[in-house]
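The values are calculated or read from the model by the stated rules, or taken from the named source; none is laboratory data. Everything numeric in this text was worked out from a predicted model, so none of it was measured. Please note: Cβ atoms are built from the backbone with ideal geometry, for glycine as well, and neighbour counts cover all protein chains shown.
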Amino acid sequence: MKLWLAKHTRRKISLLGLFIMNSFLSLFAEEIDPTDISYVSVNPYTNEVTISWYKSESANIAYARILYIYDETTLIKGKGFVDIAGNEDVTYKFKTDTIDKFSYNPDERVLSLAVDAYSENGNNSTSLREYHTTMLASAQITRCPSQIKLSWTPYYGYGISVSKYEIIEVDAQNNETKLQECAGTEKSCVIELNEQKERRFYVKASFVDCHGKQQNSTSTMCYVSEKQANLPQYIAIENISLEQTDITLDIRFDTAADYNTYILFRSYNDEKHFQPFDTVKIALHQTPLYTFVDPMAFTNDSPVFYKVKGYDNCNTEIIESQSVTPIIASVREVSEMQNMIEWSKDAPWEVLQYRIWKSENDSEAQLIDSVGNRQFMYIDDLDDSYARCFSLCYKIEAVQNNDEKTVRSFSNKVCLTKDYKLLIPNAFNPNSNIAENTTFKPKYAFLFGDYKMEIFDRFGTCVFTSTDIDVGWDGKIKGTNAPVGMYQYRITIQLPNGETIERHGTVQLVIK
């Protein structure tokens, strides 16, 4: 570093111009003390360049010449582009696009500038090596993680060292905010993205110049045009239902987010050993509810748990749903006319009530009752209306109501196949005071199928036929009372499962 004290104590060194021409003697030129550059800076808003220097200590200085260095590789070379008359401390501003000698601007390349002092007789100092440079800033978006990398060319000034760099952000109203401070040895830093898309930055270097004064130099302005991605604010599994061995999930996504890749996780037996098993890509800014079917996922051996995780473009987890598991129901016969349905307590959300649905013989399920959220069993009392029902199936629905939506979860369907009962009387009396004894028909329970009953007289003639198990023989033949005595019957029932029931025998017609 060239110190102010050193400048006044240094030995004057003559500029010896050695010319060899026809063996003439050497000639000595006048000694000129150079100027000292204080700083060079760029206005980040206008790209106007400022150069400031201290006057030469030599007498009879006529002007100072500003030069830009165009070659620093071997012997430093420069070109003068403006002369400033007199010998004063000067701060000079210019724009490169107004000077023909500049073929580039400060935002395209770094400018290296020097100042020479010229005496009245035309001699000058040699100060090209004492140049200072402008700073060029640039910004780019990095990936994984998504950030802004701000870089700059270091400020170089002969005899000075930068103490720190400051990162300045400029908003749309040209308000400036210092984002962070970096050491004087640094050349780049990382800035986080935010919700703003268009952003501007410049860099300010701080140092003490060769005369001991605190100075700053600012860089060119740099720009980015990318805002922080909108992260999903929620992800929720709203419904989980069982249909035979398939498990269906209704998942609600935040489609206002800028990410659309989600991974489904599954764990058997517990909520600790989740493993990814499928990927979901949703349509951005469209329907937020997505239905996913996990085929053949349900078994009676172990419960299964699900959760969904969202990831950004760098495969970093950014959100996770709650863990859910389907309600598991079971049914057993506690008596011939009572079935008990029980279900698990692991509802995926706070339950308002449980609803019990029942279907007969594989018909469409009907809602039969509801219970509170602390009840996990239900007794279904059967009556004679289920005489034709061979199969009863149940399903439990957990319901959560809130102001915005109704959330439901259906359990697996559990069924009981009832053993049919078929009793055939051996006599009947059309004149009996007991109504059920006045016709001949079987008594049955939990029986359903294609039915046919035929009655034959003793000659083998068919005297009555019925295809409705509830329609029996009233003891008449073509509207006339049949003779008392023994009659043959044949009953055939084709069950839905393919089984055929056949009964045949005799019945006595009695009239009293």
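Within the stretch 193-226, being in contact with an Asp or Glu (Cβ under 6 Å, 6 or more places away or on another chain) and assigned to a loop (DSSP other than H, G, I, E, B) holds for 210, 220. Within the stretch 276-289, identify whether any single residue is under 18 Å from residue 322 (Cβ atoms) and either more than 21 Å from the chain's Cα centre (by Cα) or polar (S, T, N, Q) (or both), and answer yes or no. So far as the stretch 276-289 goes, no, none of its residues is under 18 Å from residue 322 (Cβ atoms) and either more than 21 Å from the chain's Cα centre (by Cα) or polar (S, T, N, Q) (or both).
Conditions (1) closer than 30 Å to residue 296 by Cβ; (2) of a type in the set (D, E, K, R); (3) free of Cβ contacts under 8 Å to residues at least 24 places away in the same chain, marked per residue:
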residue: 178; (1), (2), (3): no, yes, yes
residue: 252; (1), (2), (3): yes, yes, no
residue: 255; (1), (2), (3): yes, no, no
residue: 258; (1), (2), (3): no, yes, no
residue: 261; (1), (2), (3): yes, no, no
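With respect to residue 141, determine if the residue is part of a loop (DSSP other than H, G, I, E, B) and β-branched (Val, Ile, Thr). The answer is no for residue 141. Restricted to strands (runs of 3 or more DSSP E) entirely inside the stretch 275-351, those with at least 2 residues that are out of contact with any Gly (no Cβ under 9 Å at 6 or more places or on another chain), within 30 Å of residue 141 (Cα to Cα) and not assigned by TED's automatic domain parsing to the domain that holds residue 407 are 275-281, 304-311. Restricting the stretch 163-220 to residues that are basic (Lys, Arg) and more than 30 Å from the chain's Cα centre (by Cα) leaves a set whose member that is farthest from residue 135 (Cα to Cα) is 213. For the stretch 469-487, the condition of being over 16 Å from residue 429 (Cα atoms), surrounded by 16 or more Cβ atoms within 10 Å (Cβ to Cβ) and modelled with pLDDT of 95 or more holds for none of the residues. Counting only strands (runs of 3 or more DSSP E) that fall entirely inside the stretch 425-512 and contain at least 2 residues that are closer than 30 Å to residue 415 by Cα, the qualifying elements are 443-445, 450-456, 485-494, 500-509. Just so you know, in the stretch 424-440 the residues that are touching a Lys or Arg at 6+ places or on another chain (Cβ under 7 Å) and of a type outside the set (Val, Ile, Thr) include one that is nearest to residue 455 (Cα to Cα), and it is 429. Scanning the stretch 260-274 for residues that are part of a loop (DSSP other than H, G, I, E, B) and either within 15 Å of residue 319 (Cα to Cα) or within 18 Å of the chain's Cα centre (by Cα) (or both) returns a single hit, 260. In the stretch 138-159, the residues that are not assigned by TED's automatic domain parsing to the domain that holds residue 199 form no Cβ pair under 8 Å with any partner that is surrounded by fewer than 17 Cβ atoms within 10 Å (Cβ to Cβ) and assigned to a strand (DSSP E or B), whether six or more places apart or across chains.
Is at least one residue of the stretch 437-457 surrounded by fewer than 13 Cβ atoms within 10 Å (Cβ to Cβ) and among the hydrophobic types (A, V, I, L, M, F, W, C)? Scanning the stretch 437-457 turns up no residue that is surrounded by fewer than 13 Cβ atoms within 10 Å (Cβ to Cβ) and among the hydrophobic types (A, V, I, L, M, F, W, C). Residues that are closer than 18 Å to residue 156 by Cα number at least 2 in the following strands (runs of 3 or more DSSP E) confined to the stretch 40-128: 49-54, 61-71, 77-85, 112-119. Look at the stretch 50-77: where a residue is closer than 15 Å to residue 129 by Cβ and a partner is of a type in the set (Phe, Trp, Tyr) and part of a loop (DSSP other than H, G, I, E, B), sitting 6+ places away or on another chain with Cβ atoms under 7 Å, you get 69/131.
Take the conditions (1) surrounded by 15 or more Cβ atoms within 10 Å (Cβ to Cβ); (2) closer than 30 Å to residue 146 by Cβ; residue 331 misses just one of them, which is (2).
Among the residues of the stretch 476-504, those identified as hydroxyl-bearing (Ser, Thr, Tyr) and under 17 Å from residue 440 (Cα atoms) are 480, 487, 489, 492.
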